[in-house]
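Coordinate-derived values only; no laboratory data. Given the structure is predicted, the values throughout are model-derived calculations rather than measurements. Heads up, the Cβs are rebuilt from the backbone with ideal geometry, glycines too, and the neighbour counts pull from every protein chain shown.
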Amino acid sequence: MKILVSMISLIAFLLVALPAPLYRFGVVELGTAFAGFKFGLVAGIAALVLLAIQVIFKRKTVSIASAAIAVIFSATAIALPLGMMNTAKNVPPIHDISTDLVNPPEFVATAPLRADAPNPVAYAGAEVAEQQRIAYPDLQTLTYAQSKPELVEASNQAIENLGWELVNVDADKGIIEATETTAWFGFKDDVIIRVIDNDSERLVDIRSKSRVGQSDLGKNAARIHSFIEELDSVLAE
């Protein structure tokens, strides 16, 4: 029984630990990776049930070390998928976030990079915009007193500080485009910053869009928040 519990808990852990890097390096498809999470969750629950049975009926065969390892592996296999599911329930199933929902910045230099991406470069429209308004009402066009060149330069610095890949800068048009590769799955999400003159102030809009996936689990909104914080920090220096 101890060996069975250990094996199932280890399998459960591997089913949630391996899919992301395997997908990142092109070994498995995204659907297969997500299936691994589901099976890992089930296996983790099964391992804990078997461990409970072992403790109740075969207590003498239980060792503290093996039980602790089984609990850690199983808990991890259960917690990760459940955490993702809980996040998915609390954010809208969208993957394109913009501070300007009426006239979102349009990807130019990053558009060819998305040619084979499941999610098209075009903005999805009113339905997505309404879901964003409800979920992220604070994400709106920003206003700054600095000049366009200053904001373009500060945006470049913010992108560098955040570790994103700079794709293109058009200082005259006030456009900066970049790509961030997520740490775990290696998803590539594209970002565009647009700076527009508006009399004595500048309007800054940021758009972040995933190349794959229906729901971004809130990642694009979080990315825009991170950029705004970093930009403000650079401008304050």
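Each residue of the stretch 134-141 was assigned a 3J(HN,Hα) from its phi angle through the Karplus curve 6.51 cos²θ - 1.76 cosθ + 1.60 (θ = phi - 60°); the sequence is 6, 7, 10, x, 7, 7, 9, 4 Hz, with glycine and proline shown as x.
Placing +1 on the Cβ of every Lys and Arg and -1 on the Cβ of every Asp and Glu, with no other charges, gives the chain a dipole of roughly 2160 debye about its Cα centre. Once the Cα atoms are used to define both axes, helix 148-162 deviates from the longest principal axis of the chain by about 10 degrees. In this simple spin-label approximation, Glu165 and Asn103 carry label points 7 Å from Cα along the Cα→Cβ vector, and these lie 3.1 nm apart.
The modelled label-to-label distance between Asp199 and Phe57, using points 7 Å beyond Cα along the C-beta direction, is 7.9 nm. For the stretch 203-219, the Karplus equation 6.51 cos²θ - 1.76 cosθ + 1.60, evaluated at θ = phi - 60°, returns couplings of 9, 10, 10, 10, 10, 10, 9, 7, 7, 10, x, 6, 10, 9, 6, x, 5 Hz by residue, with Gly and Pro reported as x. Suppose we look only past 21 Å in the calculated P(r) of the stretch 96-236. What percent of the Cα-Cα pairs does that tail hold? That tail contains 37 percent of the Cα-Cα pairs.
Axis of helix 2-17 versus longest Cα principal axis of the chain: the two differ by about 10°, to the nearest ten degrees. Taking 0.36 nm per residue of sequence separation and removing the Cα-Cα distance, the Arg133/Val71 pair yields an extension gain of 18.2 nm.
The relative contact order of the chain, computed from alpha carbon pairs under 8 Å that lie at least 6 residues apart in sequence, is 21 percent. Close Lys pairs in the chain (alpha-carbon distance under 23 Å; sequence gap of 8 or more, or different chains): 12. Against the longest alpha carbon principal axis of the chain, how many degrees, from 0 to 90 and to the nearest 10, is the axis of helix 64-90 turned? The angle comes out at about 40 degrees.
For the stretch 23-129, the list of chymotrypsin sites (Phe, Trp or Tyr not before Pro) that fall in a loop by DSSP and count at most 13 other C-beta atoms within 10 angstrom reads Phe25.
Only helices enter the 222 nm calculation for the chain: every DSSP H run of n ≥ 4 contributes -39,500 (n - 2.57), and dividing by all residues gives -17000 deg cm²/dmol, rounded to 500. Using +1 at the Cβ of each Lys and Arg and -1 at the Cβ of each Asp and Glu in the chain, identify which of Ile72, Ala17, Leu82 lies farthest towards the dipole's positive end. Result: Ile72, furthest along the dipole toward the positive end. With kT/(6 pi eta Rh) evaluated at 20 °C and eta = 1.002 mPa s, and Rh the Kirkwood radius from Cα pairs, the chain diffuses with a coefficient of 106 µm²/s according to Stokes-Einstein.
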